[in-house]
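First the structure, in the form of structure tokens, and then the observations on it.
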Amino acid sequence: MSLVAERLNAVRPSETKAMTARAAELKDQGADVITLSQGEPDFDTPSAVCEAGIRAIREGRTKYTAVAGIKPLRKAIGESFRRDHGLDYGIDQITVGCGAKQVVFNALFATLDPGDEVVIPTPCWVSYPDMVALAGGKPVLVACDEFHGFKLRPEALEAAITSRTKWLMLNSPSNPTGAVYSRNELLALAAVLRRHGHVHVLSDDIYEKLTYNADFATMAAVAPDLHERTLTVNGVSKADAMTGWRVGYGAGPLALIKAMNLIQGQTSSHTSSISQYAAIEALSGGRKHIQEFASAFLQRRDLVVAKLNQAAGLSCRVPDGAFYVFPCCAGVIGKRTPGGKVIETDTDFAMYLLDAFAVAVVPGSGFMASPYIRISYASSLEDLTRACDRIIAACAALS
């Protein structure tokens, strides 16, 4: 078996995509499925951003661009880092990719040697361990329990680091839990990292603008002495409702960014020129829409949490950011469906909700945490109300 085949064999099927595909199949059969499995805002891209894209087409800005992205966009990214966090990056320390996912993958592919380790706090986004494996590295999964807010503790980080550790991956606000690291919590992790100079930080801040009960903080700003060991990743997909435009970006040490650009130059070359011009408007146009989005998400979050905590067997903590809740479903494990099937895992419970009550969620096992389910509240209040009422009914029907 080739090395590539071995690495591909290590990649798990995406449970998010599997649930979405199954939901689509049921919809095609006429079922009234409510899909809460996708991490995508239901808002339209702001009109000013769309107009910037249209204007780019009309002005003929449809040619190849630099691999790292057009200079006006990288300048706008740099200005947003300075404005929001006091971080200073030169234009060559910034790279633009086809979404934040590609930026993360490029960083891992550019830096990992076979056997290098990447510390990943779990629950985590489904792609992190697989991207590490595809790049030849070894994911080191560190369980972060609900009691501590699903966040990495300094002593757990210390225990996970070895001489082969290359990266610590931090995602705040978190997909799937909505957990947000405070400034003090990041400072505690930074104290550990200072004792291990070979460990770099990959800070995935894609949900940065969507926080509710907590102030956002990012490692490069909180611990300036770790600035040169930190890659900060972000994008316009979530905060600006631009998932399909595929624009993510990263800022970090010059040598790392150059290496990432070399990787990207041999894969996608660059993201859409039109999308890049639209992203300039998103970053530089005041982003007034974000307050509207966040206000709507907060209302939805509170509705979903309140309703899920009425469901027998479920327990849902209040997340501080992103647009997900991550309820524990331990109370339904071992129970029997009206059809006689025993719910043995969170995947069983998710399939029961979909097949019997037409609600699509994602099992926590996909995020390396069981027994939980992830529910996206990036849907209308009406759909969320109907979905939660179905979940309550589904739990009540178990025996």
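Things worth noting here:
For every residue, the table says whether it meets (1) at positive phi; (2) in contact with a helix residue (DSSP H, G or I) (Cβ under 8 Å, 6 or more places away or on another chain); (3) outside the structural domain of Pro224 (by the TED database).
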residue: Gly137; (1), (2), (3): no, yes, no
residue: Leu141; (1), (2), (3): no, yes, no
residue: Phe147; (1), (2), (3): no, no, no
residue: Phe150; (1), (2), (3): yes, no, no
residue: Ala159; (1), (2), (3): no, no, no
residue: Trp167; (1), (2), (3): no, yes, no
residue: Pro176; (1), (2), (3): no, yes, no
residue: Val180; (1), (2), (3): no, no, no
residue: Leu187; (1), (2), (3): no, yes, no
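- In segment 366-376, of all residues being more than 16 Å from the chain's Cα centre (by Cα) and more than 18 Å from Ala322 (Cα to Cα), the one that is surrounded by the most Cβ atoms within 10 Å (Cβ to Cβ) corresponds to Pro371.
- In segment 318-330, the residues that are open to solvent by 10 Å² or more (accessible area, probe 1.4 Å) and touching a helix residue (DSSP H, G or I) at 6+ places or on another chain (Cβ under 8 Å): Val318, Cys328
- The listed residues are Ala255, Ala220, and the only one of them that is small (Gly, Ala, Ser), in a helix (DSSP H, G or I), within 17 Å of Tyr181 (Cα to Cα) and in the same structural domain as Met169 (by the TED database) turns out to be Ala220.
- If you go through segment 206-220 and keep only what is more than 20 Å from Lys288 (Cα to Cα) and in contact (Cβ under 8 Å) with a residue 60 or more places away in the chain, you end up with Thr218, Ala220.
- If you check Gly244, Gly285 for being open to solvent by 30 Å² or more (accessible area, probe 1.4 Å) and farther than 21 Å from Trp125 by Cβ, only one passes: Gly285.
- Looking only at segment 269-289, and only at residues there that are part of a loop (DSSP other than H, G, I, E, B) and touching a residue at least 24 places away in the same chain (Cβ under 8 Å), the one that is farthest from Ala52 (Cα to Cα): Ser269
- Test result for Val96, buried (at least 19 other Cβ atoms within 10 Å of the Cβ) and within 21 Å of the chain's Cα centre (by Cα): yes
- Checking Ile274, Ile290, Ile263, Ile280 one by one, the residue that is over 30 Å from Pro154 (Cβ atoms), in contact with a Gly (Cβ under 6 Å, 6 or more places away or on another chain) and surrounded by fewer than 24 Cβ atoms within 10 Å (Cβ to Cβ) is Ile274 and no other.
- Failed criterion for Val11 (all others in (1) at pLDDT 90 or above; (2) hydrophobic (A, V, I, L, M, F, W, C); (3) in a loop (DSSP other than H, G, I, E, B) hold): (1)
- Segment 327-381: number of residues that are closer than 22 Å to Leu26 by Cα, of a type in the set (D, E, K, R) and assigned to a strand (DSSP E or B): 1
- Candidates Ser379, Ser315 - the one that is in contact (Cβ under 8 Å) with a residue 24 or more places away in the chain and open to solvent by 10 Å² or more (accessible area, probe 1.4 Å): Ser379
- Qualifying residue in segment 29-43 (condition: part of a helix (DSSP H, G or I), in contact (Cβ under 8 Å) with a residue 60 or more places away in the chain and either surrounded by fewer than 19 Cβ atoms within 10 Å (Cβ to Cβ) or not aliphatic (A, V, I, L, M) (or both)): no
- Residue pairs meeting the criteria (Cβ under 7 Å; at least 6 apart or on separate chains; first more than 19 Å from Ile373 (Cβ to Cβ), in segment 114-128; second surrounded by fewer than 17 Cβ atoms within 10 Å (Cβ to Cβ) and among the β-branched types (Val, Ile, Thr)): Glu117/Thr162
The values are calculated or read from the model by the stated rules, or taken from the named source; none is laboratory data. A quick note: this is a predicted structure, and the numbers were derived from the prediction, not measured. Counting neighbours? That spans all protein chains shown, and the Cβs are built from the backbone with ideal geometry, glycine included. Note: areas computed on protein heavy atoms with side chains; ligands, DNA, RNA excluded. Shrake-Rupley method; radii C 1.70, N 1.55, O 1.52, S 1.80 Å.
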